[in-house]
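The values are calculated or read from the model by the stated rules, or taken from the named source; none is laboratory data. Note that the structure is a prediction, hence the values are computed from the model and not measured. Cβ placement follows ideal geometry from the backbone for every residue including glycine, while neighbour counts extend to all protein chains displayed. These area figures cover heavy atoms from the full protein model, side chains too; ligands, DNA and RNA do not enter into them. Shrake-Rupley method; radii C 1.70, N 1.55, O 1.52, S 1.80 Å.
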Amino acid sequence: MDGTNLDYVPAGVDANNWKSPENLRWSFQHMADFLPTAVISRGEAPVAQLPEAHRDLDSVMILPSIPGGVPVSVGSVMATTETDGWMLMHRGAVLTEQYFGEMTPASPHLLMSMSKSLVGAVAGALCDSGVLDADAQLTDYLPELAEAGYAGATVRQLLDMRSGIDFSENYLDPTAGIRLMEQAIGWSALKAPGPTGMYPFLRTLLRKTAHGGVFEYRSCETDMLGWVCEAAAKSPMATLMSELVWGKLGAESNATMGIDQLGTGIFDGGINATMRDMARFGSLFLNEGRSPSGEQVLSSEWIAQTLAGAPDSRDAFEDSPVDNLMPGGMYRNQMWFPYPGDDVVLCLGIHGQMVYINRPAEVVAVKLSSWPMPQDPARLFPTLHAFDAIAAALLVEVNSATAPVVPVEAA
């Protein structure tokens, strides 16, 4: 566990207000300085080098998505969406890498729900090795759930967020499940008596519908998935992630994971990592599960079934009780697919965290941010369209040796 360094914390920042808009930029880059964390070791493997071929991508233009709209540049989007850092790689080479404020290449940044994609990768690696069975019931690994709301649910339903658990992800409702869970794990002040710790909290959740129904985004699904992974492998998540994923990426730095009062990891949104290392993670989905150094992290079969989804994944996504603003999209293995097909894959986290993978264009991009609001479509979709525009321009360039990359307009 990393020690808390209270002398390093700006006056007044604590568990009660670290998510206040005025504190986000600092707190997202200093989680280990005021909350307990566990180390996810990068191991002893050589760092996977990322060659550089820097270019001007700020001037790529994005056509308006509505009639009468005004084209804007990628640089304008990044400047107006509380960007802490962003980078883009094409065919493994870094075309741009920019940091703002005090953030540097060595700065760890809270990933929020991009953490879910990393936990999903651990589950994938365990399924690849036969330690975990995606079709098994949770009680096969955690018999103590026999009387809990999750009884009867399967690992697959956690991976795709299709259990029937009653849990609200409404960040603006102080009584929502997500806010009660934050109190239970020590990420905010306790406002009413309740369970202490992640696993005691998960045991209290009730079922509202049959397991295996429509997609509904719920952070508790990933926390339960992490618990099942630990039980199946008989090892804590920080160790599993180091041995199965992080230590095979060729990462430059250790990552860290927030932990609750009992030492349990906060799997749904507690991981902190550098931007460059998250670009290495995104590369797995371009390279059939191989890291930039060539090591097989996830099997090609796991990548393929992630990209394909289940036969009803898109229907389950469309029928979600919450409008996800991604028509034709789906959610699979803790990854987002914002469009029909599998060309674009995302890891997403609130307050503006994104890993963007465009498979036809061979592009991986990362943006780390500190938006004042947890969810903000007016910031999310311009970011997505900015990366789409660059990817489209690069694809044109590859297909036509004479076509310039910039300036260009792309939808």
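Note on residue 140/residue 175: beta-carbon distance plugged into 1/(1 + (r/R0)^6) with R0 of 41 Å gives a FRET efficiency of 0.80. Centre-to-centre, using Cα atoms only, segment 323-400 and segment 146-211 are separated by 27 Å. Within the chain, DSSP assigns beta bridges of which about 95% are antiparallel (rounded to the nearest 5). Only protein atoms count toward the accessible area here, which uses a 1.4 Å probe; on segment 267-385, the carbon and sulfur part of that area reaches 52 percent. Charging the Cβ of each Asp and Glu at -1 and of each Lys and Arg at +1, and nothing else, the dipole of segment 1-138 about its Cα centre rounds to 300 debye. Applying 1/(1 + (r/R0)^6) with R0 = 45 Å to the Cβ-Cβ distance of residue 400 and residue 325 gives a FRET efficiency near 0.85.
The tail of the calculated P(r) for the chain, taken as Cα-Cα distances beyond 29 Å, holds 41 percent of the pairs. Over the residues of the chain, the helix contribution to mean residue ellipticity at 222 nm works out to -8000 deg cm²/dmol, using -39500 (n - 2.57) for each DSSP H run of at least 4. Listed by chain and number, the aspartates and glutamates whose alpha-carbon sits under 17 Å from that of residue 234, ignoring those within fewer than 8 places in the same chain, are 128, 133, 140, 144, 223, 243.
Sorting the Cα pairs of segment 153-236 by distance into bins of 10 Å, from 0 upward, gives 18, 49, 29, 4 percent per bin.
With all protein chains in place and a 1.4 Å probe, the accessible surface of segment 68-224 carries 55 percent carbon and sulfur.
Using the 1.4 Å probe convention, the accessible area of the chain works out to 38 Å² per residue with neighbouring protein chains retained. Annotation note: chymotrypsin sites (Phe, Trp or Tyr not before Pro) in segment 1-110 located in DSSP loop regions with a Cβ neighbour count of at most 14 within 10 Å are absent.
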